1. Just wondering, is there one or more residues in the range 324-337 that are open to solvent by 60 Å² or more (accessible area, probe 1.4 Å), small (Gly, Ala, Ser) and in contact (Cβ under 8 Å) with a residue 24 or more places away in the chain?
2. Looking at (1) within 30 Å of Thr475 (Cα to Cα); (2) of a type outside the set (Asp, Glu); (3) touching a helix residue (DSSP H, G or I) at 6+ places or on another chain (Cβ under 9 Å); (4) at pLDDT 90 or above, which is the only condition Ile330 fails?
3. Would you pick out the residues in the range 115-152 that are under 27 Å from Glu299 (Cβ atoms), part of a helix (DSSP H, G or I) and of a type in the set (A, V, I, L, M, F, W, C)?
4. Return yes or no: is Val200 under 25 Å from Val114 (Cα atoms) and either touching a Lys or Arg at 6+ places or on another chain (Cβ under 7 Å) or modelled with pLDDT of 95 or more (or both)?
5. All but one of (1) open to solvent by less than 40 Å² (accessible area, probe 1.4 Å); (2) in contact with a Gly (Cβ under 8 Å, 6 or more places away or on another chain); (3) assigned to a strand (DSSP E or B) hold for Leu382, so report the exception by its number.
6. Hey, can you tell me all the residues within the range 316-363 that are more than 24 Å from Trp256 (Cβ to Cβ), of a type outside the set (A, V, I, L, M, F, W, C) and outside any helix (DSSP H, G or I)?
7. Report, by residue number, each residue of the range 275-315 that is outside any strand (DSSP E or B), aliphatic (A, V, I, L, M) and in contact with a Phe, Trp or Tyr (Cβ under 9 Å, 6 or more places away or on another chain).
8. Within the range 358-368, can one find any residue that is surrounded by fewer than 16 Cβ atoms within 10 Å (Cβ to Cβ), at pLDDT below 90 and either of a type in the set (Asp, Glu) or touching a Lys or Arg at 6+ places or on another chain (Cβ under 8 Å) (or both)?
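The values are calculated or read from the model by the stated rules, or taken from the named source; none is laboratory data. Bear in mind the structure is a predicted one, so any value in this text is a computation, not a measurement. For neighbour counting, all protein chains shown are included, and Cβ atoms are generated from backbone atoms with ideal geometry for every residue, glycine included. These area figures cover heavy atoms from the full protein model, side chains too; ligands, DNA and RNA do not enter into them. Shrake-Rupley method; radii C 1.70, N 1.55, O 1.52, S 1.80 Å.
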Amino acid sequence: MTPPPPQPPPPGSNPASDSATDPRPGPGPLVVLFGATAGAMGPDLGSDETDLILLVWQVVEPRSRQVGTLHKSLVRAEAAALSPQCREASGLSADSLARAEPLDKVLQQFSQLVSGDVALLGGGPYMLCTDGQQLLRQVLHPEASRKNLVLPDTFFSFYDLRREFHVQHPSACPARELTVATMAQDLGLETDATEDDFGVWEVKTMVAVILHLLEGPSGQLFSKAEVVKQKYETGPCSKADVVDSETVVRARGLPWQSSDQDVARFFKGLNIARGGVALCLNAQGRRNGEALIRFVDSEQRDLALQRHKHHMGVRYIEVYKATGEEFVKIAGGTSLEVARFLSREDQVILRLRGLPFSAGPADVLGFLGPECPVTGGADGLLFVRHPDGRPTGDAFALFACEELAQAALRRHKGILGKRYIELFRSTAAEVQQVLNRYASSPLLPTLTAPLLPIPFPLAAGTGRDCVRLRGLPYTATIEDILSFLGEAAADIRPHGVHMVLNQQGRPSGDAFIQMTSAERALAAAQRCHKKVMKERYVEVVPCSTEEMSRVLMGGTLGRSGLSPPPCKLPSPQFPPPLWATSPRPLLPWPLLPPQCCPSQEPWSVCRVSHIPLV
């Protein structure tokens, strides 16, 4: 329902002239804003990714101490289910929300009504004022991003009433712990305890707090607004940089094709430091689905941690604390050549992979064509080389804008010479990682774990009697895998489940299953391929025992076939009894602690630490 129009000022008064002659000039009009979602409330507002369902606001003119009409508007939520906490506090129902306007219409109405109220109270630019950071940073900006809505500039700066209160009352509890009720109580304000209209009491009390604060020394009040960055800024990081660990998080489960801009969009509403997104690479130089993100302060980092298991597309992303040392290790560099390459600001970086070793700048520029020129021509290209100067087939290119980068990406898998070239988005941190890896390390790392004989025989051969599971949730257990396979679990060999860990000892999202026959393996793959486990679809493909063994020994298994282990493995010394009695050759097995050795249970797991899979 459309709220009543704002009331004009009393007859004979001139708010504009009164404001101009007020001996205590202050900030411009403030729009006191309150909002609620269909889920969590209070300090957890926005942490459960639920939609906005309510906006309540009122305009305050600080210089004339006048207030406008109070407005309340329901917002239609896509998922209309209300949490018990929200239903009890708001008294709303799914039916009332179904009849409400969508968010874009409500925002248009908000802008129109606020402009009208501000004009009646004297005009001038206005600023939002909220109780804390969550409403704008954790609700409005993320939801607008998910729904591809463009928020007005008004929503990119605001005053946090808790901080303004703390400026005048520093002896009170920390700003993060304040609430509307505690601020009113500390000021001794009398509030309307009979007001039961959800959101109205909060706005009225916030207005009363603001007017009371303005009665005291107001020189520092409402002088420094909170800012929401509209755009993520790329930039380099040096190995010498010192990064505060209280500002860094690790995001896991990212789609492999995600760019730094995609990660920044996932954290929309929070201020990421310049060059603060570092996509992690595996030992083969490919993205492993993780990223380290550096925020401008610890408060932004704490809000980012509340987005644990929020979604990027159909995948949920895990968010954990990380350290500044981890960020510098991934994103930092020492090469002057890289620093010069990354010194150009506001450039879009693309990575080219698979270049012929003989390709030079002219070949790459010709491949891209005149319709997508590289910034600076040959100076905008950075070729990756081994320490001895040999080319690796990788290069990075700079483009001046998003449109040129999109045009270049259309050349993905185009032919240069006799090879097709892969193009995809990259980041400053990825440039540093790739250059650091080739400059300071062998092309392939070595395995350091000593090898012992496998404690039970493992058949060798090229028959495809195994299946490989890719894309498992990192929290998947053996019970989850057996449940996922369903009836096919009855066809697993004893000790036939092998979950794979990466070099850091964490789940890699891959596992190998030995089936009783190639036919059973094929049937399991056909039945379970791309089934969903914990909101993620899992690829199930047949493979041979030889392919599985090669990977478990440290090699890689890509879609194009086998790659050998990254180092020459020592020859295992098999125990005479097993060697003499087993008709099939045995393969070496990484050293496992006694508590991890396979048991006699029908289902057991051998966890293997190896180079992450391609």
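1. no
2. (4)
3. Filtering the range 115-152 for residues under 27 Å from Glu299 (Cβ atoms) gives 125-147, 149-152.
Next cut, part of a helix (DSSP H, G or I) only: 134-146.
If the condition is that a residue be under 27 Å from Glu299 (Cβ atoms), part of a helix (DSSP H, G or I) and of a type in the set (A, V, I, L, M, F, W, C), then Leu135, Leu136, Val139, Leu140, Ala144 are the ones that fit.
4. On the way: under 25 Å from Val114 (Cα atoms): yes; either touching a Lys or Arg at 6+ places or on another chain (Cβ under 7 Å) or modelled with pLDDT of 95 or more (or both): yes.
Yes.
5. The number of the failed condition is (2).
6. Of everything in the range 316-363, those that are more than 24 Å from Trp256 (Cβ to Cβ), of a type outside the set (A, V, I, L, M, F, W, C) and outside any helix (DSSP H, G or I) turn out to be Thr323, Thr334, Ser335, Ser343, Arg344, Glu345, Asp346, Pro356, Ser358, Gly360.
7. Within the range 275-315, the first condition is being outside any strand (DSSP E or B), and the residues that meet it are 282-286, 296-309, 313-314.
Restricting the remaining residues to those that are aliphatic (A, V, I, L, M) gives 283, 296, 303-305, 314.
Within the range 275-315, Leu303, Ala304, Leu305, Val314 meet the criteria.
8. So far as the range 358-368 goes, no, none of its residues is surrounded by fewer than 16 Cβ atoms within 10 Å (Cβ to Cβ), at pLDDT below 90 and either of a type in the set (Asp, Glu) or touching a Lys or Arg at 6+ places or on another chain (Cβ under 8 Å) (or both).
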